[in-house]
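> Let me begin by handing over the structure; questions about it come next.
The values are calculated or read from the model by the stated rules, or taken from the named source; none is laboratory data. On a predicted model such as this, the values are computed, not experimentally measured, just so you know. Counting neighbours? That spans all protein chains shown, and the Cβs are built from the backbone with ideal geometry, glycine included. Areas reflect the complete protein model, heavy atoms only, side chains present, ligands, DNA and RNA absent. Shrake-Rupley method; radii C 1.70, N 1.55, O 1.52, S 1.80 Å.
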Amino acid sequence: MNRGSLRWLGLAVLAFGCLFCTDVWAARISEIKEYSILEQAARFFTLRDPSLRNALIGSVLMGVSCGLLGSFLIVRKQALMGDALSHAVLPGVALGFLWSLTKNPLAIFVGATAAGLLGAATVHAVRTTTKHKEDAALGFVLAAFFAAGVCLLTMINNLPGAQKSGLDKFMFGQAAALGDGDVILMAVVTGLVVVILALGYKEFKVTSFDSGFARAIGFPAQGIHYTLMLLLAFSIVVSLQAVGVVLVSAMLVTPAAAAYLLTDRLGRMLLLAAVFGVVAGAVGSFLSFVGHDMPTGPLMVLAGSAVFAAALFFGPRYGIFARWWKQQSRAARTRRENTLKSVYHVLEKRSFQGDSVSWQELAEQRRETEDEARHLGDELCRHQLATRPRDQADLFLTPSGWQRACEIVRNHRLWELYLTNAAHMAADHVHEDAEKIEHVLGEDTVRELERRLNYATHDPHGKIIPGLADVQSGLPSLTRGGRAVGFGSDT
Amino acid sequence: MTAAVTSENPPPLEIHDLTVAYYKKPVLYGIDVTVPAGKLVGIIGPNGAGKSTLIKAAMGLLPASSGWVKIFGEPFHKACGRVGYVPQRESVDWDFPVNVMDVVLMGRYGRLGLFRRPTAADRDVARACLDKVKMLPFASRQIGNLSGGQQQRVFLARALAQESDLYFMDEPFSGVDAATESAIVVLLQELKDRGKTLLVVHHDLATAREYFDTLLLLNMRLVAFGPTAEVFTHEILQKTYGGRLTILSEVAEVVGRQP
Amino acid sequence: MIEPWAESGALYGWILAMGILVGVSCGLVGNYLLLRRMALVGDAISHSVLPGLVVAFMLTHSRNIPAMFAGALVAGLITVGLIEFIHKKSRVKPDAAICIAFTTLFALGVVMTSLIDKGGLHIDAECILYGEIAFVPLEPPVEWFGIAIGPQPVLLMAGVALAVVGLSVVFYKELLVSSFDPGLTTSLGFNAAALHYGLMAVLSVVVVSAFEAVGAVMVVAMLIIPGMTAAQLSSRLPVRHGLVVVHSGISSLAGLHLSVWLNCSTAGAMVVMGALLFVLAWLFSPSDGLVWRWRRRGSDGSGEEGTVASPGGKV
């Protein structure tokens, strides 16, 4: 079966990846001393040295894997799982290190991954077998595992003759100390993440969106969850060197959250998150290299937060600024429409004799000063809804202005009528609601209202409801009074 | 699809002595029911009667304490390709970054199996299903920008795209507009006429009689199952909704509190 | 086992006292955090007080206690405000908002510590993460009327613990109601928002006074593990408060012994022992213990995780 063989292929890739990773890690421990010396020297040279190259490549790779996995954490609403797991790997790191002092240095990667998975399983166990909620379960794993890790690390520090070099780097990260081996390891893990997410994209997508449905169509939701946790643990372990235990969660969550604000498609979100991760990683490692004695992790996190802040404020669709702008323009439109309505009312009071209004009339109608009325009138002129010929002081509506004015009045009166007729509200209670509704009624709804109201011609206050023909043909039709022309024509 | 090899056609759904407990508190007691093919079954009962639990347990989404379920004569995990599911609308995050088309395509995932990508043919099916629920113009809309009724139609389109023989639907009429409700009813009838079997959780007693040809009345245990005309009687409804069952839920509470 | 006490009892006595005081004040606040499902807000604040501390130090050029408290308070309230801002102004969910807010502030704090003169502040990576409870007795003792009473951090922590106990007695019913049902709180005439921010302020103060002793991450453990353990054993809040005190006593004492035995971080060992107590309560709680459930299930011979076979079949 094709399906089966693909599954085996995936498993093989996974197994191969694990083996390869541990192999590469072996190289790291032995080289770390040389690189810490090299790193010291490298501070004095600028951009052309291997440690900077490693730092950059490493942060880029980390940005990719963290961004991709973080996206799934965000859409699954498990953002803090990253935080819990990143702390939970610490005892694994320490145990691996402790073991490697006397025996095999390969252990750190395996130990950390195992600790991470144990952490994920503990979260699940606490959640399902106690009354505690998700947050408490995550907090427990985070703190308890971290404490165990701290105990072990301090034990290591106090061991006679033990060299603790590099271990403190796990706390806040030092990208400049990344060795070739680290970078290869990161490349393998990132490759693994990319391959597995690409292979199982639809599985990850459907289980994240609707896990009940995924299980109902026979997908192993639990297995997919743990695959994700495994990849997460891998990715966290290799990122520790660069950002450190405490802040890995930010590399997972922040770029992905920024991407989440910018797109509505999961695929694009993954891409954007990877890009943002790379940007944060690269900027952070660059700053850390330039500044003296600066831990990389916090700088990467701050770079990522800056990206997030930019998306939060300036995102084209969901950004705070964009929404504010939309709100402002909607408010401005409502204001213009209300002015048009006032013009209509003025004309209506004179039974549509004459086709212009003076500032004074407008101001009286709106109970405002003439200056305010003039201001509103100018706004109409700017939007080509009205004109004011140079030799005259009065305001004339343009055809489009007239059309809009009729529409608004029609919407208002139809809605009032609907509320009194269909919802049986008192005639003096409906005005306020109509003031809001008139600006949002769509053309289809208006047609429906007209039909339901039997093409009524007068609103509850006895005023004529302008019809379609008035909207199109300008003033005169209404001056005839009685049944306005056009109400029957659009049946 | 090749014809079934078995000499007799097994029933779409057979539930035997099914008991389900949430944590420790039993919510369904000893359900025994066999649903014949081609029926449109409404699952009716008061709040907390275990309606959703029944269909979730039938699909193995909730572990059963005892009893078994067979779908077309097989355990669920073997027959899941023939089962369509419409979960409650509230069960998913509508902010999720997918559009309408993506969601409907998910209906094809079960047929594709693991690791295979949807093809152009799958897209055509999805498009046809969207058209059927009159949501094709919204195909590229983000799902959060839809009204409740539209969201429900998307879920229905996804179930249609599954091209199943047995459908479980969890409250498809809740929170939808009148137009969507009647569209769903037409759709359900149509599926039934094509020989599909449908089990629909429904909470509105007033419409149950006209929507469904068969009713399953539930209140922690099976009260009645049969053609609507036969079981929609005052006596049976009294049994389902009446207060005589308080002892059952009291016992469940006591069991739930035990260590 | 009594070895540490024989050698330098007073030294360990102060460490033990500090552990218990931290455990009690954190645990009482933690009980409310758990009830309000805000355990991870505790995590967030425990990290994000760091920039507050650093700024306070930069402004006063000394480890001035009121300034540090003020800094932590401001930082804590900024964190809560930031989380709410991100969550309300965008579609980012609260958990992601928590993560973004606290990591940003914490990163800012770490960068600031590495920028300013390291010697003066006395906050380094080790202290931020591990805490220095073992050095507590070495701090200069406070003298009242010429009599040395005890190390300054312990006395400070004692003051904070007293304040927390006092506040949780005075505001017991308000906190209980508002944790249980915010809607009811408002209808009863309490100000739910004020209680919320008040709790956050107390949390910030508790966190900052415990920060130096146990570090940013293990404060979280001190906040929630006692409460979680207590919740396994009782469902009544006053009893939980009592259990929290017992928990911090046992875990501090056992942790101290563990740390002497293993020669490792004292704060870490205290948390490990606290976590162990939780696991014990989880397994053997008289009302809800896992072991009893397993045994029941074993004797019933059926049932999946989290469920127990029901009695009887059809009714």
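> May I ask you to derive the relative contact order of the range A:327-479, considering only C-alpha pairs under 8 Å and at least 6 residues apart, and to give it as an integer percent?
Values: 175 pairs, mean separation 35.1, N = 153.
Result for the range A:327-479 is 23 percent.
> How much accessible area per residue does the range C:58-116 have, in Å², with a 1.4 Å probe? Each step should come with its number before you reach the end.
Values: 2380 Å² over 59 residues.
For the range C:58-116, the per-residue accessible area is 40 Å².
> What nm value, rounded to one decimal, do you get for the distance between B:E190 and B:D17 when each label is placed 7 Å out toward the C-beta?
4.3
> Another question, then. Karplus couplings for the range A:185-202 from phi (6.51 cos²θ - 1.76 cosθ + 1.60, θ = phi - 60°), rounded to Hz, Gly and Pro as x?
Once θ is set to phi - 60°, the couplings for the range A:185-202 become 4, 4, 4, 5, 5, 4, x, 4, 4, 4, 5, 5, 5, 5, 4, x, 3, 5 Hz.
> Count neighbours as other Cβ atoms within 10 Å of each site's Cβ, and list the trypsin sites (Lys or Arg not before Pro) in the range A:367-419 that are DSSP loop with at most 12 such neighbours. Could you put the intermediate results ahead of the total?
Numbers: sites: A:R367, A:R374, A:R382, A:R390, A:R404, A:R410, A:R413; in loops: A:R367, A:R390.
Hits after loop and neighbour filter: A:R367, A:R390.
> Let me ask you something else. Rank these by accessible area, largest first, 1.4 Å probe: B:H202, A:H383. Kindly include the intermediate steps, with their values, before the conclusion.
Numbers: B:H202 5, A:H383 85 Å².
Largest to smallest exposure gives the sequence A:H383, B:H202.
> Same structure, new question: Taking amide H positions as placed in the peptide plane 1.01 Å from N, state which residues far from B:L215 in sequence (5 or more) or on other chains have amide H under 5 Å from it.
Counting only residues 5 or more places away or on other chains, the set is B:G42, B:G226, B:T228.
> Which residue, C:G255, C:G13, C:G71, has the most motion in a Gaussian network model of chain C that connects Cα atoms within less than 10 Å?
C:G13
> On to the next question. Remind me, relative contact order of chain C in percent, using alpha carbon pairs under 8 angstrom and six or more residues apart?
Working: 440 pairs, mean separation 83.1, N = 315.
In percent, rounded to a whole number, it is 26.
> Pick from B:Q88, B:Q162, B:Q152: which is most flexible by mean-square fluctuation in a GNM of chain B where alpha carbon atoms under 10 Å apart are linked?
B:Q88
> Can you figure out the FRET efficiency of C:K89 with C:A201, using R₀ = 41 Å and their beta-carbon distance, to the nearest 0.05? Mind showing how you got there, number by number?
On the way: r = 23 Å, r/R0 = 0.57.
Approximately 0.95, to the nearest 0.05.
> Follow-up question, since we're still on this one. Would you mind computing, in nm to one decimal, how far apart the modelled labels at C:F180 and A:R53 are, each placed 7 Å from Cα along Cα→Cβ?
Simple spin-label model gives 6.7 nm for this pair.
> Could you work out the mean count of beta carbons from other protein chains within 10 Å of each residue's beta carbon in C:11-23? Intermediate results must be reported in sequence, preceding the final value.
On the way: counts 0, 0, 0, 0, 0, 0, 0, 0, 0, 0, 0, 0, 0.
Per residue, the number of nearby Cβ atoms from other chains is 0 on average.
> Going by a ≥ b ≥ c, the root eigenvalues of the Cα gyration tensor, does chain C fall in the rounded group (a/c under 1.5), the prolate group (a/b larger than b/c) or the oblate group? Can you show the working numbers first?
On the way: a/c = 1.83, a/b = 1.28, b/c = 1.43.
Oblate is the answer for chain C, as a/c is 1.5 or above yet b/c matches or exceeds a/b.
> Expected output is a single nm value to one decimal: the length gained when fully extending between A:K326 and A:F396, i.e. 0.36 nm times separation in residues minus the C-alpha distance. What is it?
Numbers: separation 70, 0.36 × 70 = 25.20 nm, distance 2.86 nm.
Full-extension gain reported as 22.3 nm.
> Using a 1.4 Å probe on protein heavy atoms only, how many Å² of accessible area do A and C hide from each other, summed over both chains and rounded to 100? Don't skip to the end; give the middle numbers.
Details: alone 24310 and 16220 Å², together 35490 Å².
That pair of chains buries around 5000 Å² in total.
> Output the pairs from A:K77/C:K93; B:K70/B:K132; A:K131/B:K25; A:K131/C:K88 with a Cα-Cα distance over 19 Å in this structure; if there are none, say none. Don't skip to the end; give the middle numbers.
Details: A:K77/C:K93 7 Å; B:K70/B:K132 31 Å; A:K131/B:K25 14 Å; A:K131/C:K88 28 Å.
Where the Cα-Cα span goes over 19 Å, the pairs concerned are B:K70/B:K132; A:K131/C:K88.
> Moving on. Tell me the relative contact order for chain B as a rounded percent, counting alpha carbon contacts under 8 Å between residues six or more apart. Intermediate results must be reported in sequence, preceding the final value.
Values: 456 pairs, mean separation 71.7, N = 259.
Result for chain B is 28 percent.
> Related question: With a ≥ b ≥ c taken as the square roots of the eigenvalues of the C-alpha gyration tensor of the range B:1-112, please select rounded if a/c is under 1.5 and otherwise prolate if a/b is larger than b/c or oblate if it is not?
Note, shape of the range B:1-112 comes out oblate.
> Taking θ = phi - 60°, what integer Hz values does the Karplus form 6.51 cos²θ - 1.76 cosθ + 1.60 yield along the range B:73-90, in sequence order, with x for Gly and Pro?
Ordered by residue, 3J(HN,Hα) equals x, 10, x, 4, 5, 8, 9, 5, x, 9, 10, x, 9, 10, x, 5, 4, 6 Hz.
> Would you mind classifying the range A:331-414 by shape? Square roots of the alpha carbon gyration tensor eigenvalues, ordered a ≥ b ≥ c; an a/c under 1.5 is rounded, otherwise it is prolate if a/b is larger than b/c and oblate if not.
It comes out rounded by the Cα gyration axes.
> Could you calculate the FRET efficiency of A:N157 with A:T128 from 1/(1 + (r/R0)^6), where r is the beta carbon distance between them and R0 is 41 Å, rounded to 0.05? It would help to have the intermediate numbers written out before the result.
On the way: r = 37 Å, r/R0 = 0.91.
The calculated FRET efficiency here is 0.65.
> GNM, chain C, Cα, under 10 Å: largest mean-square fluctuation among C:S25, C:S178, C:S46?
C:S178
> How far is it, in nm, from the label point at C:R63 to the one at B:D177 when both lie 7 Å from their Cα along the line to the Cβ?
Label-label distance for C:R63 and B:D177, simple model: 6.6 nm.
> Quick one: Karplus J couplings for the range A:369-382, per residue in order, coefficients 6.51, -1.76, 1.60, θ = phi - 60°, nearest Hz, x for Gly and Pro?
Whole-Hz 3J(HN,Hα) from phi for the range A:369-382: 7, 5, 4, 4, 4, 4, 4, 5, x, 4, 4, 4, 4, 4.
> Compute the FRET efficiency between B:R123 and A:A306 as 1/(1 + (r/R0)^6), taking r as their Cβ-Cβ distance and R0 = 35 Å, and round to the nearest 0.05.
Working: r = 39 Å, r/R0 = 1.12.
E(calc), rounded to 0.05, equals 0.35.
> I would also like to ask the following. Where does each of C:S235, C:S168 land when they are ordered by accessible area, with a 1.4 Å probe and the largest first?
On the way: C:S235 90, C:S168 15 Å².
Of C:S235, C:S168, the descending order of accessible area is C:S235, C:S168.
> Another question about this same structure. Per residue, how large is the accessible surface of the range B:13-257? Use a 1.4 angstrom probe and give square angstrom. Intermediate results must be reported in sequence, preceding the final value.
Numbers: 9560 Å² over 245 residues.
Computed with neighbouring chains in place, this is 39 Å² per residue.
> In chain B, what % of DSSP beta bridges are antiparallel (nearest 5)?
Details: 20 of 37 bridges.
Of the beta bridges lying entirely in chain B, close to 55 percent run antiparallel.
> Here's another thing I want to ask about it. Express in whole angstrom the spacing between the alpha-carbon centres of the range B:51-72 and the range A:329-394.
68
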